[in-house]
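Here's the structure we're looking at; comments come further down.
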Amino acid sequence: MVLLAALGVFLVIRTALIPKGFGKYGHYSPGALDVVRQRPLVYAGQETCILCHEDEGKVRASGKHAHVACEACHGPQAAHANADDPAGRMPVLPDVPNLCRRCHEKDAAKPAGFPQVVTVEHSGGMYCNRCHKPHNPQL
Amino acid sequence: MSVEGTMDISRRNLFAAGGKLLILASVGATLEQITGAAPPEEAYRMADHWWGMLIDIDKCIGCGNCVRACANENHVPAGFFRTWVERYQVEEGRRQPHVDSPNGAIDGFPPTTRTDLKSFFVPKLCNQCADSPCVQVCPVGATFVSPDGVVLVDESYCLGCRYCIQACPYGCRYLHPAKHTVDKCTLCYHRITQGLTTACCESCPTGARQLVDFKNPRDPVHEFLRQNKVQVLKPYMATEAKVYYKDLDGSVR
């Protein structure tokens, strides 16, 4: 009798503690999948940017940066893209000297075919976009 | 009822009763399927995907865009990394390569001018192993391989025992300093399940990282694997890693 009661208590506690659907796909709670999926976006994604900024996309398509996504340089823009008034949440312009340097500063470890310069010798601290157009750079 | 009474059931009766029970059970199951609310038809079906990543070492320029994008997208605390980039400098005759990754390369690398040795960049992230040691050691089932092949953590279930952090052969997990639960690369599960690519792949300027779906017959991964020599990290660990590296050097671990 005591054993049965203990078993009953054990089963009640066990049912209460195990998450709903546990074991549906494996030894875990399937609800966790939805929790992870519902995290908010921070990067809007290339296709979203082009919906409004079609002209910039066309300029870029013919140049060396054709395969560089907008947010690779302009940073995460989901807040701007998803805002009711995107103009009210204007993105900050990129930090040009650091942005260009990270990719194009000469480094022996970079692939040899990738365009690189020693910025101090090349421009002496002058901003890259004084001469190069970032959306369609020409060598 | 006497003992003899119970023994009176003939084989025939037993089979008849068993048959009835079987029919009842099948009817019950069907009823449950009919009355139970049909699951909503979702655009994303987990069974149709098997996610992984391709990394082309020869395209990586070590800019750290992926590290910054990952930190932004996933609110990775400073000093911790879900993805990072290492610079290898391999000198002939030396047993160990020189590896550096200043702050995970979140701001790129200080340039090196040494041309007398072999040097290259290696982006690292969770290898989304199909036979993952981290999943095997979790005592509570808080970390798991999803049906579409992504290793995830159930934050509400994780005890923070750090067992998985030690089990991961690639060092891809950390204990979140505020949540006190384990955190790791989710392969941007919230993005890839709505048709976007991961934040790191989105931000990679040279296409060195590519999200791939092995179950999609139209995915370029199949052609890529046919055309190139690829390797996974630490294949001797038999973790069935799904992050493939093109032209990986033997010095990388």
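Checking every residue in the range B:158-180 against the condition of being of a type in the set (S, T, N, Q), at the interface with chain A (Cβ under 9 Å from one of its Cβ atoms) and over 21 Å from A:G26 (Cβ atoms) gives zero matches. Within 11 Å of chain A (Cβ to nearest Cβ), buried (at least 21 other Cβ atoms within 10 Å of the Cβ) and either in contact with a helix residue (DSSP H, G or I) (Cβ under 6 Å, 6 or more places away or on another chain) or more than 15 Å from B:I55 (Cα to Cα) (or both), is that true of B:V153? Judged against the criteria, B:V153 is a match. If only residues of the range A:89-127 that are among the small types (G, A, S) and touching a strand residue (DSSP E or B) at 6+ places or on another chain (Cβ under 6 Å) are counted, the one that is farthest from B:Y88 (Cα to Cα) is A:A108.
Any residue in the range A:8-20 that is under 30 Å from B:F144 (Cβ atoms), β-branched (V, I, T), touching a residue at least 24 places away in the same chain (Cβ under 8 Å) and within 13 Å of chain B (Cβ to nearest Cβ)? No - not one qualifying residue is present in the range A:8-20.
So that you can scan it fast, the table gives a plain yes or no per residue for (1) among the aromatic types (F, W, Y); (2) touching a Phe, Trp or Tyr at 6+ places or on another chain (Cβ under 9 Å); (3) assigned to a helix (DSSP H, G or I):
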| residue | (1), (2), (3) |
| --- | --- |
| A:A6 | no, no, yes |
| A:F10 | yes, no, yes |
| A:Y25 | yes, yes, no |
| A:E71 | no, yes, yes |
| A:R101 | no, no, yes |
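Checking each residue of the range A:88-97 against the condition of being surrounded by 13 or more Cβ atoms within 10 Å (Cβ to Cβ), touching a Phe, Trp or Tyr at 6+ places or on another chain (Cβ under 6 Å) and closer than 19 Å to B:C60 by Cβ gives no match. Filter the range A:21-70 down to residues that are of a type in the set (G, A, S) and at the interface with chain B (Cβ under 10 Å from one of its Cβ atoms) and give me whichever is farthest from B:V150 (Cα to Cα). Top of the filtered list is A:A69. Being among the polar types (S, T, N, Q), within 11 Å of chain A (Cβ to nearest Cβ) and surrounded by fewer than 20 Cβ atoms within 10 Å (Cβ to Cβ) holds for only one residue in B:T193, B:T206, B:T198, B:T143, and it is B:T206. For the range B:103-122, the candidate set comprises residues that are out of contact with any Gly (no Cβ under 6 Å at 6 or more places or on another chain), facing another protein chain (nearest Cβ under 7 Å) and not in a loop (DSSP other than H, G, I, E, B); within that set, the residue that is farthest from B:N72 (Cα to Cα) is B:S119.
We did not get these values from a lab; they are worked out from the coordinates using the rules stated. Computed from a predicted structure; not experimentally measured. Please note: Cβ atoms are built from the backbone with ideal geometry, for glycine as well, and neighbour counts cover all protein chains shown.
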